[in-house]
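Participant: There's a structure below that I have some questions on.
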Amino acid sequence: MPVSARRSTATLAAGLLSFGLAACGSGGTENADPGKPGDKTITVYSGRNEQLVKPLLDRFSEQTGITVKTRYATTAQLAAQLVEEGDRSPADAFFAQDAGALGAVTKRNMFAPLPAEAVAKVPQTYRSRGGEWVGVSARSRVLAYHADSVPAAELPKSVFELTDPKWKGKIGVAPTNASFQAFVTAIKVQHGEAKAKEFLTGLAANEPQIRENNIKIVEDVHAGTVPVGLVNHYYLGEVAKEQGTTPDALKAKLHFFPDGDTGALVNVAGVGVLKRSAEDPDTRAFVDFLLSAESQKYFAEQTFEYPVVDGVAGPVGVPPLADLDSPDIDLNDLDTLDATIALIKDSGLVP
């Protein structure tokens, strides 16, 4: 590996780890020996929440007889882990929460190009330029709000309005969450780094209520303890399911920012295959399964995300994916994860 590449790799790992994201997780993969191609066992690093995707991974194993050894942690933690492990990683596939982390690992030349027939199932908007990763489900950034506390007429038309002092102490954010990090990167891509710094500084000055994840934000918005929160759309359905009700019955509602605002970024969860597993039929079967009609239906009905393969109906209760007024941002450009984390840390949103 060239000196410049080693330095870049070390910078990403160090940046993520210094952000309080020491690589860790569950799933029994630590110090595991890499499997052999076709041995009916694969190791997946999953930045997707275990509660959301474990039933799907279990279904894959039941249908194929392939055992999935899974390490669950945040997407940023696992991106750091992969970079730190390099060629020694036991991972066969990285199932990430957002395109930015997949892009960051792609930049380190760690993924093998996916088969063209698999990549072709997904619109170009939701996959990498070189075919190193492919989106498997899509989600929109939204503002969750408490319907009794925030009248619809007072909702901001742009996410940048949340730096106004009138929102002081009223905003829930999860700055260590991969989706928030990708959103900040999108600000840099669409408006430049100075605008991203300005937004983060203004947000921090408004003393937001910091939460660990999107689910906690939506739960608190529903309870009325946080008036509004920046989240992904599908967590409203997840919280409703947890509480044994429907999204319409929750006090928390979703506001989709209009006019191509950065706050309406549409991102994807996706998968990349490590080079060591490029020819592994079991890992290939895993990618094909995530893109199957069965899995796409699971994402729509069980995790309330948007399918990215044609022919599968989207989740109920939200606008169709094609109708979303999302910003014109190439997801391939969200790959500066280390620089974004540095910006968030410097803003004071994270100690």
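Participant: Could you list, in sequence order, all residues of region 315-338 that are among the small types (Gly, Ala, Ser) and surrounded by fewer than 18 Cβ atoms within 10 Å (Cβ to Cβ)?
Facilitator: Gly317, Ala322
Participant: Then there is this: When you go through (1) in contact with a helix residue (DSSP H, G or I) (Cβ under 6 Å, 6 or more places away or on another chain); (2) in the same structural domain as Gly237 (by TED's automatic domain parsing); (3) surrounded by fewer than 23 Cβ atoms within 10 Å (Cβ to Cβ) one by one for Ser158, which number turns out not to apply?
Facilitator: Only one criterion is unmet by Ser158, namely (1).
Participant: Another one. Regarding Val221, is this residue in contact with a Gly (Cβ under 7 Å, 6 or more places away or on another chain) and part of a helix (DSSP H, G or I)?
Facilitator: Answer is yes for this residue.
Participant: Looking at Phe160, Phe94, can you tell me which residue is hydrophobic (A, V, I, L, M, F, W, C) and under 17 Å from the mean Cα position of the chain (by Cα)?
Facilitator: When all the criteria are applied, what remains is Phe94.
Here's the yes/no breakdown for (1) buried (at least 23 other Cβ atoms within 10 Å of the Cβ); (2) within 18 Å of Ser295 (Cβ to Cβ); (3) touching an Asp or Glu at 6+ places or on another chain (Cβ under 7 Å):
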residue	(1), (2), (3)
Ala101	yes, no, no
Thr106	no, no, yes
Asn109	no, no, no
Pro113	no, no, yes
Val119	no, yes, no
Val122	no, yes, no
Thr125	no, no, no
Ala138	yes, yes, yes
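Participant: So, Phe60, is that one closer than 18 Å to Arg276 by Cα, aromatic (Phe, Trp, Tyr) and either part of a loop (DSSP other than H, G, I, E, B) or in contact (Cβ under 8 Å) with a residue 60 or more places away in the chain (or both) or not?
Facilitator: Taking the combined requirement at face value, the residue does not satisfy it.
Participant: Let me ask something else about it. Would you mind telling me which numbered condition in (1) among the polar types (S, T, N, Q); (2) free of Cβ contacts under 8 Å to residues at least 60 places away in the same chain; (3) more than 16 Å from Ala144 (Cα to Cα) Thr185 fails?
Facilitator: In the conditions (1) among the polar types (S, T, N, Q); (2) free of Cβ contacts under 8 Å to residues at least 60 places away in the same chain; (3) more than 16 Å from Ala144 (Cα to Cα), Thr185 misses (2) alone.
Participant: For Ala285, state whether it is in the same structural domain as Gly38 (by TED's automatic domain parsing), assigned to a helix (DSSP H, G or I), touching a residue at least 24 places away in the same chain (Cβ under 8 Å) and aliphatic (A, V, I, L, M).
Facilitator: Answer is yes for this residue.
Participant: Quick one: in region 154-197, which of the residues that are among the β-branched types (Val, Ile, Thr) and in a helix (DSSP H, G or I) is farthest from Leu143 (Cα to Cα)?
Facilitator: Looking at residues that are among the β-branched types (Val, Ile, Thr) and in a helix (DSSP H, G or I), I get Val189.
Participant: Pairs under 8 Å by beta carbon, first residue in the same structural domain as Tyr45 (by TED's automatic domain parsing) and assigned to a helix (DSSP H, G or I) in region 63-84, partner among the hydroxyl-bearing types (Ser, Thr, Tyr) and surrounded by 24 or more Cβ atoms within 10 Å (Cβ to Cβ), six or more apart or different chains?
Facilitator: Leu78/Tyr45; Leu78/Ser46; Gln81/Tyr45; Leu82/Tyr45
The values are calculated or read from the model by the stated rules, or taken from the named source; none is laboratory data. A quick note: this is a predicted structure, and the numbers were derived from the prediction, not measured. As a convention, Cβ positions derive from the backbone with ideal geometry for all residues, glycine included, and neighbour counts pool all protein chains shown.
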